[in-house]
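Below you'll find the structure, written out as structure tokens, and then a few comments.
The values are calculated or read from the model by the stated rules, or taken from the named source; none is laboratory data. Not measured: the values here are computed from a predicted model. Methodologically, a virtual Cβ is constructed for each residue, glycine included, from the backbone with ideal geometry; neighbour enumeration extends over all protein chains shown.
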Amino acid sequence: MPAAMAPRIANTRAPPDRISRVRSESSSLAGESDQVVVALGTFPYVSMRDRSPVIVARIVDFLSREKGQMKKRFGEEVVSDLKSVAEMLSKLRYEMMTNKPLIPFEVDAPDQEMWNKALEEEAAREGKEPTWFDSPWLFVECYMYRRIRETFDDSLFLRQFDYFQHQKQDSYWNSLEAIKGLAKYFKTSYHQTKQWKLQEAKVIFRHFIELALWGNKCDLSITAGQDASQKTDLLEDLDKSADKILCNHFENLCNYLTQLESTRIDRLKSAGLIVDNAGFELFCDLLLMDFLCSSHVVQKVHFHVKSMPWYISDVTTHDFLWMVDVMQKPECGEDVQWMAQRWIQYLKSGEWTLHDEMFWTLPYPFSEMQIEDPGLYQHLAQNQLVIAKGDLNYRKLVGDLEWPRHTSFTEVLRGFHPAPILTLRTLKANTVAGLKEGLAETMDKSGEDWMVTGNYAVIQFCDKISPIGVST
Ligand SMILES: O=P(O)(O)OC[C@H]1O[C@](O)(CO)[C@@H](O)[C@@H]1O
Ligand SMILES: [Mn+2]
């Protein structure tokens, strides 16, 4: 694409027409000469201004509330860790709110070098030091979550501590009734059908795809960590939500998978799932992957999870194993327990494996994976299907660029084709591609904030790669 037509990247800058409305405000954190940015503006800007400091402040509050519990768990010495983490978090919040430069990482960690390299590259690209409110949104957000982690990396007792874990676990328990309903649906249809074949079980497959899709509505970062559990029976709502799927490649996906089902290859067929959120969404994702395994479309699933607490609700290895474990509890009911047994078996047999590569918590779009982590790219390329769940993964797929919204999904991937790619994403950020010409403009006229509320979604599929993983 010629440079003049290149899409812009979502940036945290206050939009020019609003800049005059930015005013200085005194704050308990800001000194006399510091500016606290309070203008109205674009979605990335407003999200950084309003949500991000709240996320950091909530961790500080949580730690102070939990001090007693922490002392019981780690002993009296944890108090000095808590104090220094809280101080560093407050400093981080201050840097953010006063638009300071993004400073390098100081604490030794496996990804420290990569992150500092990314900061240097960003500075070189822009020709100036990146700051909180004048940088690509994707970069700054990822940087924030990594900086939060760094405040714990330096501690004695809290290095492994997951400050979002309680929220993720609550989101499972608060969605339990909906989870029970879906487990019952899976079990009943499984027993009725005896053996699932994709074409014959297409309606059931569509349900599991759409459940995994709408399960993505329930993430916690969109509410800065407030309850985002699933209360209603999502199955009942699926048909009503059909017209909210603005681009739906389900039929293309089905055609490809039906062909895959009958293709013989000389190794086990596998799918990679780039996982997003814990709790209800993860439960729906596992139903979908179980369906694909039970219907013999694939024999293996590689789950790619985060190696650190990320965007509040993102799944870590611990969250994954925790959920499968608690599902065995009597209060989860026999259908959920039945699902747990299946999933434990998949994990034990190695049909399901968990991977937590560093790349997922770096700020790079997926088009840069081949350069930044060629090993991971090769690993994904072993699969016959790669599924990217959720909004953040979508933003990384499309480079967080403001594409003309009818640009084809294949084009916006900009060469990221390790295997056929499916994305299931509810829209929570101002970027989308692959819409029918004119649809985005019609939606704009509705007056609804349709790109950022999670009320609309896309199911997009690109099968540029043949079933055996070779480019066609
Ligand atoms: O969990 P998901 O679907 O990736 O959503 C996270 C999204 O929420 C936000 O934090 C706020 O919209 C986005 O930055 C991010 O894309
Ligand atoms: Mn998420």
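Quick rundown of the values:
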quantity: In the range 419-434, the residues that are more than 20 Å from Thr12 (Cβ to Cβ) and either within 15 Å of ligand 2 (Cβ to nearest atom) or surrounded by fewer than 21 Cβ atoms within 10 Å (Cβ to Cβ) (or both); calculated: Thr423, Leu424, Arg425, Thr426
quantity: Failed item, numbered, when Met1 is tested on (1) modelled with pLDDT under 50; (2) touching a Pro at 6+ places or on another chain (Cβ under 9 Å); calculated: (1)
quantity: Residue match in the range 397-404 (condition: touching a Lys or Arg at 6+ places or on another chain (Cβ under 9 Å) and surrounded by 24 or more Cβ atoms within 10 Å (Cβ to Cβ)); calculated: yes
quantity: Members of the range 249-276 found to be surrounded by 17 or more Cβ atoms within 10 Å (Cβ to Cβ) and more than 20 Å from the chain's Cα centre (by Cα), listed by number; calculated: His249, Phe250, Leu253, Cys254, Tyr256, Leu257, Leu260, Glu261, Lys269, Ser270
quantity: Test for Val79: is it more than 22 Å from Tyr145 (Cα to Cα) and at pLDDT 95 or above; calculated: yes
quantity: Members of the range 396-423 found to be among the charged types (D, E, K, R), out of contact with any helix residue (DSSP H, G or I) (no Cβ under 7 Å at 6 or more places or on another chain) and without any contact (Cβ under 8 Å) to a residue 40 or more places away in the chain, listed by number; calculated: Glu411
quantity: Test for Phe359: is it without any contact (Cβ under 8 Å) to a residue 24 or more places away in the chain and within 16 Å of ligand 1 (Cβ to nearest atom); calculated: yes
quantity: Filter result (within 16 Å of ligand 1 (Cβ to nearest atom) and over 22 Å from Lys348 (Cβ atoms)) within the range 281-314; calculated: Glu281, Cys284, Lys306, Met308, Pro309, Trp310, Tyr311, Ile312, Ser313, Asp314
quantity: Filter result for Asp373 (within 15 Å of the chain's Cα centre (by Cα), among the charged types (D, E, K, R) and closer than 30 Å to Val298 by Cα); calculated: no
quantity: Residues being touching a strand residue (DSSP E or B) at 6+ places or on another chain (Cβ under 9 Å) and either surrounded by fewer than 16 Cβ atoms within 10 Å (Cβ to Cβ) or not assigned by TED's automatic domain parsing to the domain that holds Asp391 (or both) - total across the range 291-320; calculated: 2
quantity: Residue within the range 393-405 that is touching a Ser or Thr at 6+ places or on another chain (Cβ under 8 Å) and within 19 Å of Leu282 (Cα to Cα) present; calculated: yes
quantity: Qualifying positions in the range 39-53 - in a helix (DSSP H, G or I) and loosely packed, with under 15 Cβ neighbours inside 10 Å; calculated: Asp50
quantity: Condition met for Arg73 (in a helix (DSSP H, G or I), at pLDDT below 95 and more than 27 Å from Tyr394 (Cα to Cα)); calculated: yes
quantity: Residues within the range 366-393 that are within 18 Å of Leu138 (Cα to Cα), within 16 Å of ligand 2 (Cβ to nearest atom) and either free of Cβ contacts under 8 Å to residues at least 40 places away in the same chain or not in a helix (DSSP H, G or I) (or both), tallied; calculated: 2
quantity: Looking only at the range 338-356, and only at residues there that are touching a residue at least 60 places away in the same chain (Cβ under 8 Å) and part of a helix (DSSP H, G or I), the one that is nearest to ligand 1 (Cβ to nearest atom); calculated: Met339
quantity: Meets criteria (away from ligand 2 (no atom under 16 Å from the Cβ), part of a strand (DSSP E or B) and in contact with a helix residue (DSSP H, G or I) (Cβ under 9 Å, 6 or more places away or on another chain)) for Gln460; calculated: yes
quantity: Residue list for the range 151-169, restricted to those being touching a residue at least 60 places away in the same chain (Cβ under 8 Å) and part of a helix (DSSP H, G or I); calculated: Thr151, Phe152, Gln165, His166, Gln167, Lys168, Gln169
quantity: Condition met for Tyr394 (buried (at least 18 other Cβ atoms within 10 Å of the Cβ), closer than 18 Å to Lys217 by Cα and within 16 Å of ligand 1 (Cβ to nearest atom)); calculated: yes
quantity: Residue within the range 363-377 that is within 25 Å of Cys254 (Cα to Cα) and not hydrophobic (A, V, I, L, M, F, W, C) present; calculated: yes
quantity: Glu126 vs. criteria closer than 23 Å to Thr42 by Cα, more than 23 Å from the chain's Cα centre (by Cα) and assigned by TED's automatic domain parsing to the domain that holds Ala57; calculated: yes
quantity: Hey, Thr472 of a type outside the set (Phe, Trp, Tyr), modelled with pLDDT under 95 and either farther than 30 Å from Asn383 by Cα or surrounded by fewer than 19 Cβ atoms within 10 Å (Cβ to Cβ) (or both) or not; calculated: yes
quantity: Segments classed as helices (runs of 4 or more DSSP H), wholly inside the range 224-329, with at least 2 members that are modelled with pLDDT of 95 or more and within 16 Å of ligand 2 (Cβ to nearest atom); calculated: 280-294, 317-326
quantity: Ala433 closer than 22 Å to Leu253 by Cβ, of a type in the set (A, V, I, L, M) and without any contact (Cβ under 8 Å) to a residue 40 or more places away in the chain; calculated: yes
